[in-house]
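> The structure is given below, and queries will be raised subsequently.
None of the figures in this text is laboratory data; all of them are computed from the coordinates on show. From a predicted model like this one, the values you see are computed outputs, not experimental measurements. Positions of Cβ are generated from backbone atoms using ideal geometry, with glycine treated the same way; all protein chains shown enter the neighbour counts.
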Amino acid sequence: MNDALGKGFDDDLVFKALASPVRRRMLDALKAGPRTTGTLCAEIPELDRTTVLQHLRVLERAGLVNARKVGRERHLSLAPLPIKRIHDRWIGDYMHAAVGLLDRLANEPQ
């Protein structure tokens, strides 16, 4: 969907996915590098495999994780574009304003 409502829906899925500390931990692991599903499950030993896979499905629906099958394994990697879209929508304008302010301060006569 390319309309405003569609964008909001995508962003809602991203915010929902990021709301969970477990899912953020999974994204941190994938930020460090790709993982197989089994490796990711092993990195979160306090949760059973089924629970990790449920969290993973939420991340995939939000577009935050890419998965590809290699033989019997699923290889997972971080998909940063939804986070960039959130950044651009909610933070980008403030960042530009802050950079402009710093530039003006740096160039003011002393």
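> List the pairs whose first member sits in the stretch 22-44 and is at negative phi, whose second member is small (Gly, Ala, Ser) and part of a helix (DSSP H, G or I), and whose Cβ atoms are under 8 Å apart, counting only residues at least 6 apart or on separate chains?
Short answer, once both residue conditions are applied: Arg23/Ala17; Arg35/Ala29; Leu40/Ala29; Glu43/Ala29.
> Residues in the stretch 23-42 that are more than 17 Å from Ala79 (Cβ to Cβ) and surrounded by fewer than 15 Cβ atoms within 10 Å (Cβ to Cβ): how many?
Summing the residues that are more than 17 Å from Ala79 (Cβ to Cβ) and surrounded by fewer than 15 Cβ atoms within 10 Å (Cβ to Cβ) in the stretch 23-42 gives 3.
> Of all residues in the stretch 68-100 being buried (at least 16 other Cβ atoms within 10 Å of the Cβ) and of a type in the set (A, V, I, L, M), which is farthest from Leu30 (Cα to Cα)?
Ile86
> Further, regarding this structure: In the stretch 16-75, what residues are among the hydroxyl-bearing types (Ser, Thr, Tyr) and either closer than 24 Å to Ile86 by Cα or in contact with a strand residue (DSSP E or B) (Cβ under 6 Å, 6 or more places away or on another chain) (or both)?
Listed by number, the residues that qualify are Ser20, Thr36, Thr37.
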